[in-house]
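The structure appears right after this line, and notes come after that.
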């Protein structure tokens, strides 16, 4: 299986990091780390942009992250029009920055920069799989 199962709309079916979806199916969000220089990448990469090495390993996210920034999307790109409005966020998990959606179950009154968030892996209608942030 390739990458075609990730996200609401998948624009690519194959990638060198298709294991990303396998981990999501197990309920885990993973990044990649270069075994040579130890730089961590999210989204995952097959090759290191820092030292140009190709010896990468999968690493998990431990614990909670901190919400760094968020925005409400009212005008979506093609294919996501039916999802608006939705909230996009950036969270920091011990130095790993992760971009994704905030759970639609959170009210705007609950969302605050600095709040603790956790990652939830979810299955979308049609069987697609992705992740979102929720209050920790």
Tell me which residues, restricted to the range 44-59, are touching a helix residue (DSSP H, G or I) at 6+ places or on another chain (Cβ under 8 Å) and under 23 Å from residue 102 (Cα atoms). 44
Quick one: how many residues across the range 27-37 are in a loop (DSSP other than H, G, I, E, B) and modelled with pLDDT of 95 or more? 3
Pairs only if they're at least six apart or on different chains, beta carbon under 6 angstrom, first in the range 86-101 and at positive phi and without any contact (Cβ under 8 Å) to a residue 24 or more places away in the chain, second surrounded by fewer than 17 Cβ atoms within 10 Å (Cβ to Cβ) and assigned to a strand (DSSP E or B); list them, first residue then second. none
Does the range 105-126 include one or more residues that are in contact (Cβ under 8 Å) with a residue 12 or more places away in the chain, surrounded by fewer than 12 Cβ atoms within 10 Å (Cβ to Cβ) and under 20 Å from residue 31 (Cα atoms)? no
Listed residues 20, 3; which is under 15 Å from residue 119 (Cβ atoms), surrounded by 12 or more Cβ atoms within 10 Å (Cβ to Cβ), under 17 Å from the mean Cα position of the chain (by Cα) and modelled with pLDDT under 95? 20
Do we find that residue 8 is in a loop (DSSP other than H, G, I, E, B), surrounded by 18 or more Cβ atoms within 10 Å (Cβ to Cβ) and modelled with pLDDT under 95 in this structure? no
Within the range 60-78, tally of residues that are at pLDDT below 95, in a strand (DSSP E or B) and closer than 17 Å to residue 43 by Cβ: 1
Residue 71 being surrounded by 15 or more Cβ atoms within 10 Å (Cβ to Cβ), over 18 Å from residue 30 (Cβ atoms), more than 12 Å from the chain's Cα centre (by Cα) and without any contact (Cβ under 8 Å) to a residue 40 or more places away in the chain: no
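The values are calculated or read from the model by the stated rules, or taken from the named source; none is laboratory data. None of the values given here were measured: they were computed from a predicted structure. Virtual Cβ from ideal backbone geometry, glycine too; neighbours counted across all protein chains shown.
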